[in-house]
Amino acid sequence: MNDDRTSHRVVEPHILYFGTPVVLLSTIDPDGEVNLAPISSAWALDRTVVLGLGPDGQTSRNLAARPELVVNVPGPGLWRQVERLGATTGRADAPHFVRDKFGHAGLTAQPSELVAPPRVAECPLQLEARAADLRADATGEFLVVEVHVLRVHAADSITVPGTDYVEPAAWSPLVYNFRHYFGLGAELGHSARSRTPRA
Ligand SMILES: Cc1cc2nc3c(=O)[nH]c(=O)nc-3n(C[C@H](O)[C@H](O)[C@H](O)COP(=O)(O)O)c2cc1C
């Protein structure tokens, strides 16, 4: 058995990306220019999603000016598109500027229902949302953004037919694990709170 308790040492890793799902944020600037950027610092509490953003990117600028977004959640099959987007910025004054991020990544814009930024059609989960709060973190290096989810779109292929549940056996996030991309492995078990247990 692999016993994780017996041998540790102190390390200074460059980053602490211990495995969080990647999301693609679509935002729009006051002139109607659409932006799309990958983010792995995202977690959900009920209908709130908290995001960690670099303050200098176009996504932060767009949210400060117009607090609407879609949190698009890709599956593992989209890792190359995500990686391609990560090397670009929507800032016209910066190197690696790309105006048409959707076209650059080969992704399809799909109109949203409640917010101006479009959804990413290829993402099985799409959360239309409003940024309720943007503030600097305690170090002043990052922005912490609280977004409230207004509407959830889920692909038929990952839902339990006839219900509002996502089928965990059908869905896998794209996980950013110390700068490498992974999908989920086989199921280990389920929580007592699961609404979709299998017999
Ligand atoms: C997998 C992945 C995860 C990322 N996670 C974050 C993140 O959590 N926060 C952040 O600010 N940037 C993150 N980035 C970097 C941004 O995507 C990158 O800075 C991008 O240029 C921002 O684009 P924008 O200036 O158009 O907003 C990530 C990039 C990749 C590829």
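Coordinate-derived values only; no laboratory data. Predicted model, so just to flag it, every value in this text is computed and none were measured. Cβ atoms come from the backbone with ideal geometry, glycine included; neighbour counts cover every protein chain shown.
For the chain, the pair-distance distribution built from all alpha carbon pairs, in bins 10 Å wide starting at 0, is 8, 32, 36, 17, 6, 1 percent.
When each of the peptides 117-127, 42-52, 78-88 is scored by the mean number of other C-beta atoms lying within 10 Å of its residues, the order from highest to lowest reads 117-127, 78-88, 42-52. Suppose R0 equals 30 Å; then what is the FRET efficiency for residue 157 and residue 33 from their Cβ-Cβ distance, rounded to the nearest 0.05? Here the calculated transfer efficiency is 0.40. Once both labels are positioned 7 Å from their Cα atoms along Cα-to-Cβ, the gap between residue 9 and residue 80 label points is 3.8 nm.
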